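Working notes, beginning with the structure itself.
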Amino acid sequence: MPFVLLDKPQPGVTLITLNRPERMNAMAFDVMIPFREALEAVSLDNDTRVVVITGAGHGFCSGADLEDSGIVPNIDGLTVSTIAYRAMELLDNVIVSIRKMHQPVIAAVNGPAIGGGFCLATACDIRFASTAAYFRAAGINNGLTSSELGISFLLPRAIGSSRAFDIMLSGRDVDAAEAERIGLVSATVEPDALLDRCYEMAARIIGFSRIGVESTKRLLWSSLDAGSLASHMDHEAAAQLYVRLTTQNFEEAIRARKEKRPPVYLD
């Protein structure tokens, strides 16, 4: 049985499912390598406008697999120290691949998102959670650091530094209700309605122009790295002018509004 499933439940939407439910979709390398490959392939699928990521069974992703971590490829002749670096690089590349995807990525957090699974959810552009979901930065509970896979960069920017310090230093669970209250997820819904809620958001996004959506995602991510407001505003201005002057999207939006019909963007 494949550890990663791909499906197209609606036009323009690709659902990627981590499929190792008996291990709560843990981040064994046998799972994460095909997962990264799937992300890279879907990013290049021009029929996909929005990506939804979820986990099979009752869990989203339980982080590191403590029983069987799988095999790190291409490590013959390397020392333990170098193998450790290669292993972390493989997992880091999953997070980077999500950021680099052309499409917005929605996390459908259907259950526990623990350790690296918390990082994975935080790396997605939008998050919805079922009432059964909870989040835990588990590294500190295991005598390690909770800072891994970019979460110490991403989480403070998502929910504020004070809340991020609280969650990452305490090692406590954040249930779905708190996650919604602090802005970690956009909304919490009943488990049976989770994917439908994600698809509703996807349909709304698909109604906008491809270049407008892709540019907005890129600019939002770039803002996290911006050195100053002024430099980022220059970046925004260039992107806005690029779309405005090289497409007829703006004119089509005005026509459609006057004619009381959905716009048809040709970019």
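Tabulated data for the structure shown
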item	result
HN-Hα J in Hz across the range 205-212 - Karplus 6.51, -1.76, 1.60, θ = phi - 60°, x for Gly and Pro	5, 4, x, 8, 5, 4, 5, x
Percent breakdown of C-alpha pair distances by 5 Å bin, ordered from the shortest bin, for the range 210-259	4, 20, 24, 20, 15, 9, 6, 2, 0
Helix 80-100 axis, angle to the chain major axis (alpha carbon atoms, nearest 10°)	20
Residue order, fewest to most beta carbons within 10 Å, for 161, 69, 130, 209	161, 69, 209, 130
The range 148-165 - phi-based ³J(HN,Hα) in whole Hz, Karplus 6.51/-1.76/1.60, Gly and Pro as x	7, 6, x, 5, 6, 8, 7, 5, x, 6, 7, 10, x, 5, 4, 5, 5, 4
Percentage, to the nearest whole number, of Cα pairs in the range 43-109 over 20 Å apart	48
MRE, 222 nm, helices only [DSSP H, n ≥ 4, -39500 (n - 2.57), over the chain, to nearest 500]	-15000 deg cm²/dmol
Of all DSSP beta bridges in the chain, antiparallel share, percent nearest 5	25
Sequence-distant lysines (8 or more away, or on other chains) whose Cα lies within less than 27 Å of residue 8	100, 217
Sequence of 50, 94 once ranked by neighbouring C-beta atoms within 10 Å, starting from the fewest	94, 50
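Bear in mind these aren't lab numbers, they're just calculated from the coordinates by the rules spelled out. All values derive from a computational prediction rather than experimental measurement. Note: ideal-geometry Cβ built from the backbone for every residue, glycine included; neighbour counts use all protein chains shown.
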